[in-house]
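The values are calculated or read from the model by the stated rules, or taken from the named source; none is laboratory data. Since this is a predicted model, take the numbers as computed values, not measurements. Cβ: placed from backbone, ideal geometry, glycine included. Neighbour counts: every protein chain shown. Accessible surface is based on the protein model in full, side chains and every heavy atom, while ligands, DNA and RNA are left aside. Shrake-Rupley method; radii C 1.70, N 1.55, O 1.52, S 1.80 Å.
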There are 4 protein chains.
Amino acid sequence: VISCPDRPGIIAAVSAFLFEIGANIVASDQYSDPAVNAFFLRSEFTLDGVSERRREVEEGFGPIAGRFGMRWKLSCGADTPRVTIMVSRYDHCLMDLLWRFGRGEFRGKVTKVVSNHPDLGEAVQGSGVPYECIPVAKGKKAAAETVQIQSMAGSDLVILARYMQILSSEFLQQIGCPVINIHHSFLPAFAGADPYLRARERGVKLIGATAHYATEELDAGPIIEQDVLRVDHRYTPADLERVGRDVERVVLARAVRNHLDDRVLVNANRTIVF
Amino acid sequence: VISCPDRPGIIAAVSAFLFEIGANIVASDQYSDPAVNAFFLRSEFTLDGVSERRREVEEGFGPIAGRFGMRWKLSCGADTPRVTIMVSRYDHCLMDLLWRFGRGEFRGKVTKVVSNHPDLGEAVQGSGVPYECIPVAKGKKAAAETVQIQSMAGSDLVILARYMQILSSEFLQQIGCPVINIHHSFLPAFAGADPYLRARERGVKLIGATAHYATEELDAGPIIEQDVLRVDHRYTPADLERVGRDVERVVLARAVRNHLDDRVLVNANRTIVF
Amino acid sequence: VISCPDRPGIIAAVSAFLFEIGANIVASDQYSDPAVNAFFLRSEFTLDGVSERRREVEEGFGPIAGRFGMRWKLSCGADTPRVTIMVSRYDHCLMDLLWRFGRGEFRGKVTKVVSNHPDLGEAVQGSGVPYECIPVAKGKKAAAETVQIQSMAGSDLVILARYMQILSSEFLQQIGCPVINIHHSFLPAFAGADPYLRARERGVKLIGATAHYATEELDAGPIIEQDVLRVDHRYTPADLERVGRDVERVVLARAVRNHLDDRVLVNANRTIVF
Amino acid sequence: VISCPDRPGIIAAVSAFLFEIGANIVASDQYSDPAVNAFFLRSEFTLDGVSERRREVEEGFGPIAGRFGMRWKLSCGADTPRVTIMVSRYDHCLMDLLWRFGRGEFRGKVTKVVSNHPDLGEAVQGSGVPYECIPVAKGKKAAAETVQIQSMAGSDLVILARYMQILSSEFLQQIGCPVINIHHSFLPAFAGADPYLRARERGVKLIGATAHYATEELDAGPIIEQDVLRVDHRYTPADLERVGRDVERVVLARAVRNHLDDRVLVNANRTIVF
């Protein structure tokens, strides 16, 4: 995965390099954003002995990356990203993610579930994943976040699977890996609290969910995936929550899968999903 | 179509009345909103000689309506509501509506197209519907609206098919019939101007459209219909507009059809669509 | 829930009866199919002391039902239908159903899971529902079905949650309750075996699932619910199965919920879903 | 656009060539199908003076194409493919396509509308496109097809916008350009005649449309695009047709647009849509 300022010759240089080391490109996607003169590329290739040759490949690619000013990343299909899931009391996204990780639908492995409540500990037990309860007492969020960060050290991805506390800027800076959040509305509609209640009051005909990278500004980070389901006047608030659960878990799963497959690139406050 | 405070016996009274006059109910939908203790009913029935007997039926129903405090309306399938379409310069909703009215997809008849620009006059010509251009000079909106209201007198419905001027409260009070607007976003997201531009900036993954009754507060009236189409990072602003046109015209057509079939009831700021 | 030949006065008679016993109708849906002169009604009402008065209500309604030749059914919100789930080796529909029953998304209660394989026994354990393995040896299906029928006696609904054996006509006649099946294609496309493989070979752009009542003719029973998800040329057979799992479980859940809420009526080989 | 047997070095060779001639790749998509060892690439690039240098570029690329056994095509954004639309009596797809071509939504230009009926001549008049009626008398299809082929000579694309005659193998061989058909069902369900009627009889809950390349076997060619809309038991055959028109015209428009943008590649009987 590569992003850099756009100029002629990038693909030629990258593909010549891959050809010379003996790689075979099986899929590649490229996008250039003329508005900000940015270039984005994802190349998927096979290479015999890639695990042993990884360092050699990375060193060989260094000068090319330098020449074009690239941010880049090489992942192997055999890599196993370490994932932490944070939850509060709702279990639908959590159980769905654990089931999908268990089936091998995602690259990576859930190393821990962290919650500010003990409630879901029992539900997680069957999966064999450690469950850690770190309570967040009123007025003591900073202390709790320090414990959280230590507990989640080494994560390659944190998933907020309906974690109901707002994370501070400090947390997001120190956690050291991307954080994906699921918001239970079609953002930017109904950012903030109680979106289903407000959706019902506004009388919308579709209920949505949005998976996005968490940033300092609440519910304003780059959107990875969104979807909606149809509702009508007969839906009570409980019905909206029920339908919402169905769309939340699917949207979050798609976002996590695309992220773990290195298909999501951030371009300013938007995402490119190859 | 009936709405009234909810209490036992309404359906019994209505259906007994319909049975006694010899009507046969072919479809009926009912909804009660416990939050506001409101009752809504739409009954579709066949009745021999309904045109001649209309007054008799209406007079017979009066006492029942009075007893339950009903707002109600009797429409005949043969009625032909008079519809005015207001446009500015975009033709996609207008052409689609004219085509659908021409095919008989809707009850009713377009009696006039009113625009603040002359541009679309030629496109309308083929349909045989009169096109009237009423320019809205800067600072002279009130005067223009007076002319518009006179010109559209007798309308049973006004459709804003991408009419780009904000109508005043006075207009909405004086026009004397429902006004349906199409907004080119998934409301309440991107209310106001330039929704596609803002959608692109926010990086949303779905583009929407919302048909709603126009009220004094801009883009805040009861929503009749909404839908979305999927977009991705490759969509330029022009692509978003193109996809948006497809979803706008379909959403507006569904709303107009349901309204003209008397399927839309307003419950506070929400709609019931039977 | 009522179905009978259509003629004037049915609603009047039913609603007068309900009014007289003191019931308050909170929702009602009616549909008449002129092609076969059939009338369908679902009325949802509140009635003080309904549990104790049930027999009285049913007896009181008898003469009306007799007069119009009705098939009818009275359910109480407090009723708890007994549900058996049949599975083979795929767990996605099963786990999703158990989770939804556990949360109270459905009326009713899963009394047993029956499988022709032992594989999913462990996964079911956490839910507390008994798991019974009834192997179906080659050429001994009739004997196995006899055991299944005894084991599931008293069920109000059987759900085939990807049960991979074809049930015989005898089974369907003797089981004595409705049987809902999920087929992993958009029927009638790809009826029978291996729909995902055939979908890929045909190059379809949408993958579907269909929930229907099982009848003697394979994959030909009345359809309750269908939905689709978009796929493209990059989807491997494994990807299609993964996407298919998502659409299967949602379609099956909607069908089961509507069935258990008595919203599904069968009209010849079609369903009416109120 | 390139397709060829897959082997290492193709992208490197193509991108080096493009770099050397001074082109800048703005978007590129690649897909390899391991099942048939096939490689597919679409590269979109800018190149100063491309119109004048076209022959030079094509000649320069020849040896590379030869080395890898490529089928390939170079299109310029300024090219204007010549499109013929064939219709019978339904106007919805035709009017929608003419409106989109008129607005510039598609590359290319409609040079003629050919019909076996005179009915739609008047509707086409406003667009300025010539309308030619070539009747197909019973038993004289071969003769009519000869006239059709002469009349449409030089077309780069033929669109069957609800043309209700089956074209012979001879026609498809002699027409000399791709033929896109819109079928009014979700293929392979309801191939052949009267799909809406059969959809209603089967009680499906979604109505679909399929755009595909016409091949000798009826309704069996490579699928370019499909979509569905939701229907329910209340939809009469006329309602299904109405909803079907909405999905047909959108599906056909997407397929035509993607084809004219050279985004559709055929891989055995499937399509790759970049």
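Looking at C:SER127 and the list (1) assigned to a loop (DSSP other than H, G, I, E, B); (2) modelled with pLDDT of 95 or more; (3) surrounded by fewer than 19 Cβ atoms within 10 Å (Cβ to Cβ); (4) among the hydroxyl-bearing types (Ser, Thr, Tyr), which single condition is not satisfied?
Checking C:SER127 against (1) assigned to a loop (DSSP other than H, G, I, E, B); (2) modelled with pLDDT of 95 or more; (3) surrounded by fewer than 19 Cβ atoms within 10 Å (Cβ to Cβ); (4) among the hydroxyl-bearing types (Ser, Thr, Tyr), the one that fails is (2).
Please report, ordered by residue number, the strands (runs of 3 or more DSSP E) entirely within the stretch C:1-111 with at least 1 residues that are more than 8 Å from every other protein chain (Cβ to nearest Cβ), in contact with a Gly (Cβ under 7 Å, 6 or more places away or on another chain) and open to solvent by 20 Å² or more (accessible area, probe 1.4 Å).
Where strands (runs of 3 or more DSSP E) fall fully within the stretch C:1-111 and carry at least 1 residues being more than 8 Å from every other protein chain (Cβ to nearest Cβ), in contact with a Gly (Cβ under 7 Å, 6 or more places away or on another chain) and open to solvent by 20 Å² or more (accessible area, probe 1.4 Å), they are C:2-5, C:82-87.
Among the residues of the stretch C:254-268, is any polar (S, T, N, Q) and farther than 19 Å from A:ASP246 by Cα?
yes
Taking the residues in the stretch C:227-274 that are open to solvent by 50 Å² or more (accessible area, probe 1.4 Å) and of a type in the set (Ser, Thr, Tyr) as candidates, determine which candidate is farthest from D:VAL273 (Cα to Cα).
Residue satisfying both the conditions and the ranking: C:THR236.
Let me confirm something: among B:VAL179, B:VAL114, which residue is more than 16 Å from the chain's Cα centre (by Cα) and β-branched (Val, Ile, Thr)?
Unique residue meeting the criteria: B:VAL114.
Restricting attention to the stretch A:152-179, and to residues there that are in a helix (DSSP H, G or I) and touching a residue at least 40 places away in the same chain (Cβ under 8 Å), which single residue is nearest to A:LEU260 (Cα to Cα)?
Residue satisfying both the conditions and the ranking: A:LEU172.
From the list C:VAL136, C:VAL147, C:VAL158, exactly one residue is farther than 30 Å from A:ASP227 by Cβ, away from chain D (no Cβ under 14 Å) and open to solvent by less than 10 Å² (accessible area, probe 1.4 Å). Which is it?
When all the criteria are applied, what remains is C:VAL158.
Okay, residues lined up against (1) within 12 Å of chain C (Cβ to nearest Cβ); (2) open to solvent by 10 Å² or more (accessible area, probe 1.4 Å):
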| site | (1), (2) |
| --- | --- |
| D:ILE175 | no, yes |
| D:VAL179 | no, no |
| D:ILE182 | no, no |
| D:ALA193 | no, yes |
| D:ARG198 | yes, yes |
| D:THR210 | yes, no |
| D:TYR213 | yes, yes |
| D:GLU216 | no, yes |
| D:GLU225 | yes, yes |
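Out of everything in the stretch B:227-274 that is polar (S, T, N, Q) and without any contact (Cβ under 8 Å) to a residue 60 or more places away in the chain, what residue ends up being farthest from the other protein chains (Cβ to nearest Cβ)?
B:ASN258
Which ones in the stretch C:112-124 are within 24 Å of A:SER127 (Cα to Cα), touching a residue at least 24 places away in the same chain (Cβ under 8 Å) and open to solvent by less than 70 Å² (accessible area, probe 1.4 Å)?
C:LYS112, C:VAL113, C:VAL114, C:SER115, C:HIS117, C:LEU120, C:ALA123, C:VAL124
Specify which of the listed residues (C:ALA78, C:ALA16, C:ALA38, C:ALA23) is closer than 30 Å to D:THR236 by Cβ and either in contact (Cβ under 8 Å) with a residue 24 or more places away in the chain or hydrophobic (A, V, I, L, M, F, W, C) (or both).
None of the others qualify; the one that does is C:ALA38.
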